[in-house]
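Here's the structure we're looking at; comments come further down.
The values are calculated or read from the model by the stated rules, or taken from the named source; none is laboratory data. Bear in mind the structure is a predicted one, so any value in this text is a computation, not a measurement. All Cβ positions, glycine included, derive from the backbone under ideal geometry; neighbour counts span all protein chains shown. Calculation scope for accessible area: heavy atoms of the full protein, side chains included, ligands and nucleic acids excluded. Shrake-Rupley method; radii C 1.70, N 1.55, O 1.52, S 1.80 Å.
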Amino acid sequence: MQRRLLLSTVLALTALSAGAESPVVRPYAPPPASRIGGLMHISIVDRTNGAELPIYRHRGEYWVAGRPGARYAIRARNAMGERVMAVMSVDGVNVVTGETAGIGQNGYVFGPRERSDITGWRKSDSQIAAFEFAAAGNSYASRTGRPDDVGVIGVAMFRERRPEPPVVTPYPSRDEYSNSNRERRSEAPPPPSSMGDARAKAAPPAGSADMASESSAGAMARQSAPSPSLGTAHGRRETSYVGKTTFERASSQPDEVIRIRYDSRENLVAAGVIPMPQRWPRPSGPSPFPGSDPGYVPDPPARY
């Protein structure tokens, strides 16, 4: 009798497993990173608890979720064995000068392997105004008449120009010296072209049309967001000392550019940036299956 009961139990469990619905297979979502970048490792730090915010990659862009009222910092670590200059912008505004951001502006110079937290808008050599997540309308960029690029953090990195080694040329012979002089006299250098320089200065930067379309797309996304979008406010004053140094860029174009967009967690979940796990829908009223952990029947509590 006991053997039949055990056999029927096994058959029942097997039938239940065969008749159960197959689990929903969701596409693989890589875990969020905490820092990105090659020349420098860039991360966004929540200054309330000191944790680096998860950086989500979605459709070729990086995103972080901020909390209104929370102060944050841009953490940068030089990964190179040489000095690197970082021009930083928040909401399209240079964090050092307050100008509408451009790659040719002032920035911070990091020594080899040096790490530092940039915690706010630079007010002087000894003070900053803290970066603070706030409603887009209360951001520093919006309050200064520049609301189009609210919701993005940028870091443009430049290598330092190294001194070129001196070129040692052999002393020319008498015949070579006289021939080179005659050639130089016969060839007059062409006059410089001022029109070419003027056209270069007046030409828009490469990718400006793409940036304009991205800005308009971002504005449309903010209008349809389920909750108010975030910007970065001009927070309270804090002590932060900085020195000055000289830095000659190896190139006028940055060697690497990091762009991190941000918004509230609610908006990023609604936009599909932050994936949410599927859960069994709990019905209204009493639930026949209130527990979610599978297991077996536990022993009852001891009698008193």
### Query
Out of Gly60, Gly102, which single residue is of a type outside the set (S, T, N, Q) and closer than 18 Å to Ala141 by Cβ?
Gly102
### Summary
If we keep only residues of region 117-134 that are buried (at least 17 other Cβ atoms within 10 Å of the Cβ) and of a type in the set (Gly, Ala, Ser), then the residue nearest to Ile153 (Cα to Cα) is Gly120
### Query
Across region 93-146, what is the number of residues that are over 24 Å from Gly243 (Cα atoms) and among the polar types (S, T, N, Q)?
4
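Residues that are open to solvent by 30 Å² or more (accessible area, probe 1.4 Å), at pLDDT 90 or above and farther than 26 Å from Ser124 by Cα: which helices (runs of 4 or more DSSP H) entirely in region 193-275 hold 3 or more of them?
In region 193-275, 265-270 are the helices (runs of 4 or more DSSP H) which contain 3 or more residues that are open to solvent by 30 Å² or more (accessible area, probe 1.4 Å), at pLDDT 90 or above and farther than 26 Å from Ser124 by Cα.
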### Task
Could you grab me the full set of residues in region 56-109 that are without any contact (Cβ under 8 Å) to a residue 60 or more places away in the chain, closer than 22 Å to Arg146 by Cβ, surrounded by fewer than 19 Cβ atoms within 10 Å (Cβ to Cβ) and of a type in the set (Gly, Ala, Ser)?
Gly98, Gly102
### Message
Among the residues of region 29-44, are any at pLDDT 95 or above, within 24 Å of Asn138 (Cα to Cα), of a type outside the set (Val, Ile, Thr) and out of contact with any Phe, Trp or Tyr (no Cβ under 7 Å at 6 or more places or on another chain)?
### Response
yes
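Could you pull out the residue among Arg146, Arg162, Arg77 that is more than 30 Å from Met276 (Cβ to Cβ) and at pLDDT below 95?
Only one candidate qualifies: Arg162.
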